[in-house]
Amino acid sequence: MINKAYIKGISYYLPERVLTNEELIKEFPEWSVEKVADKVGVYSRHIAAENETAGDMAEKAAMALFAEYSIKSSDIDFVLFCTQSPDYFLPPTACVLQNRLNIPTSAGAFDYNLGCSGCIYGMAIAKGLVSAGIAKNVLLLTAETYNKYLHPDDKSNRSIFGDGAAACLISTDGFAEIGEFVLGTDGSGAEYLIVKTGASRHKAFSGGQDIDSEGHTHRDDYLYMNGSAIFNFTLDAVPAMMKQLLIKNQLEKNNIDYYVFHQANKFMLTTIRKVCGISKDKFYIDLENVGNTVSSTVLIGLKECVDKGIIQSGMRIMICGFGVGLSWGGTVLSI
């Protein structure tokens, strides 16, 4: 028997420290508050404290989920943790979180390293575990502290990225049935979004840097993003993924009531919406006070839409993530 999988609850956590555009332009006086807001759609973003890790934030998101939905930690039988900023190389942060959250030792737990499509991949894994009867209550956690990877002079990425975490319970029942998935990978674009040093390939920091074709500084020891390459990849991948999702879920475009995509930046989202012919009232864009929280943007967006009544019973919601890897993924939720 194949079990259906549902989202039962979503919560999130944002760090206390808030970096506003007013503060940011003090460091980059050639910019204005309006220019930052117009370019990326962000007015402020949350920054993890110096001693605050992705694991710390994921724990707080999980505790918020448990409290909000009256979930017992003893009922969790699997933990998935998506992060590219783990607390340790080893052990997996998911294992540490199992202990800190008082989840039974009979639960499975592992980390997986993925970014902007990570929430979608986690849902796919969780659905597989539930459908196969391996688990009944999968705790999906996403958390990033990208700001710890950003050079102080990297004004573009510092204006875009915010730190944060989200928690989602995927179970045999809930408010949103998870549909069929489309997933994809193109590792030929790995260097378009990368932190080159610090891991096994180049363990020692090099101090190396050069100027890319757009005139941006590429620093080996910090996060580098080739904005135009990522933008072009997205415009190729997302419209094709949307068509495939409709086919796999046996739906027509007019059957989709709302779209919650990875909140990359305002310009990219607006371009995707126009290219795909989606009306403004069906398309979620809200980075103003959060920024791009990488793997947590879709869950934060879904939570906001549910709480504000934008998403209601009887609706079908298309969710998609895309970015570092290069990687992409999507599914359809039936509320």
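The values are calculated or read from the model by the stated rules, or taken from the named source; none is laboratory data. None of the values given here were measured: they were computed from a predicted structure. Cβ atoms come from the backbone with ideal geometry, glycine included; neighbour counts cover every protein chain shown.
Please go through segment 240-266 and give me each residue that is in a helix (DSSP H, G or I) and closer than 22 Å to Cys119 by Cα, ordered by number. Steps first, answer last, please.
Step one: list which residues in segment 240-266 are in a helix (DSSP H, G or I), which gives 240-248, 253-255, 266.
Those that are in a helix (DSSP H, G or I) and closer than 22 Å to Cys119 by Cα: Ala240, Met241, Met242, Lys243, Gln244, Leu245, Leu246, Ile247, Lys248, Lys266.
Scan segment 263-288 for residues that are among the charged types (D, E, K, R) and buried (at least 21 other Cβ atoms within 10 Å of the Cβ) and jot them down.
Pass one, segment 263-288, residues among the charged types (D, E, K, R): 266, 273-274, 280-282, 286, 288.
Residues satisfying the conditions do not exist here.
If you check Gly128 against the conditions, is it out of contact with any helix residue (DSSP H, G or I) (no Cβ under 7 Å at 6 or more places or on another chain), more than 14 Å from Tyr224 (Cα to Cα) and touching a residue at least 40 places away in the same chain (Cβ under 8 Å)? No: the conditions fail for Gly128.
For segment 250-262, the set of residues classified as touching a residue at least 60 places away in the same chain (Cβ under 8 Å) and surrounded by fewer than 21 Cβ atoms within 10 Å (Cβ to Cβ) consists of Leu251, Asn255, Ile256, Asp257, listed by residue number. If the condition is being surrounded by fewer than 19 Cβ atoms within 10 Å (Cβ to Cβ) and not basic (Lys, Arg), then segment 60-76 contributes Met63, Ala64, Ala67, Glu68, Tyr69, Ser70, Ser73, Ser74, Asp75. Quick check on Ala109: is it within 19 Å of Leu14 (Cβ to Cβ) and not aromatic (Phe, Trp, Tyr)? For Ala109, the condition - within 19 Å of Leu14 (Cβ to Cβ) and not aromatic (Phe, Trp, Tyr) - is not met. Taking the numbered list (1) more than 17 Å from the chain's Cα centre (by Cα); (2) within 28 Å of His216 (Cβ to Cβ); (3) among the acidic types (Asp, Glu) in turn, Glu144 passes all entries but (1). Counting just the residues of segment 5-58 that are closer than 26 Å to Cys95 by Cβ and among the acidic types (Asp, Glu), which one comes out surrounded by the fewest Cβ atoms within 10 Å (Cβ to Cβ)? Once the filter is applied, the top-ranked residue is Glu50. Put simply, of Ser295, Ser313 the only residue that is out of contact with any His (no Cβ under 8 Å at 6 or more places or on another chain), in a loop (DSSP other than H, G, I, E, B), hydroxyl-bearing (Ser, Thr, Tyr) and outside the structural domain of Tyr12 (by TED's automatic domain parsing) is Ser313.
Only one entry in Gly198, Gly184 is part of a strand (DSSP E or B) and assigned by TED's automatic domain parsing to the domain that holds Gly321, namely Gly184.
For the residues Asp154, Asp186, Asp163, the requirement of being touching a Pro at 6+ places or on another chain (Cβ under 6 Å) and within 30 Å of Val40 (Cβ to Cβ) singles out Asp163. Looking across segment 149-194 at every residue that is hydroxyl-bearing (Ser, Thr, Tyr) and farther than 23 Å from Ser327 by Cβ, the one that is surrounded by the fewest Cβ atoms within 10 Å (Cβ to Cβ) is identified as Thr172. With respect to (1) outside the structural domain of Cys320 (by TED's automatic domain parsing); (2) in a helix (DSSP H, G or I); (3) in contact with a helix residue (DSSP H, G or I) (Cβ under 8 Å, 6 or more places away or on another chain), the lone exception for Lys148 is condition (3). For segment 91-125, which positions are in a loop (DSSP other than H, G, I, E, B) and touching a helix residue (DSSP H, G or I) at 6+ places or on another chain (Cβ under 7 Å)? Matches in segment 91-125: Leu101, Asn102, Ile103, Pro104, Ala107, Leu114, Gly115, Cys116. Taking the stated definitions as given, is Ser70 closer than 30 Å to Ile125 by Cα, without any contact (Cβ under 8 Å) to a residue 24 or more places away in the chain, out of contact with any Asp or Glu (no Cβ under 7 Å at 6 or more places or on another chain) and among the small types (Gly, Ala, Ser)? Yes.
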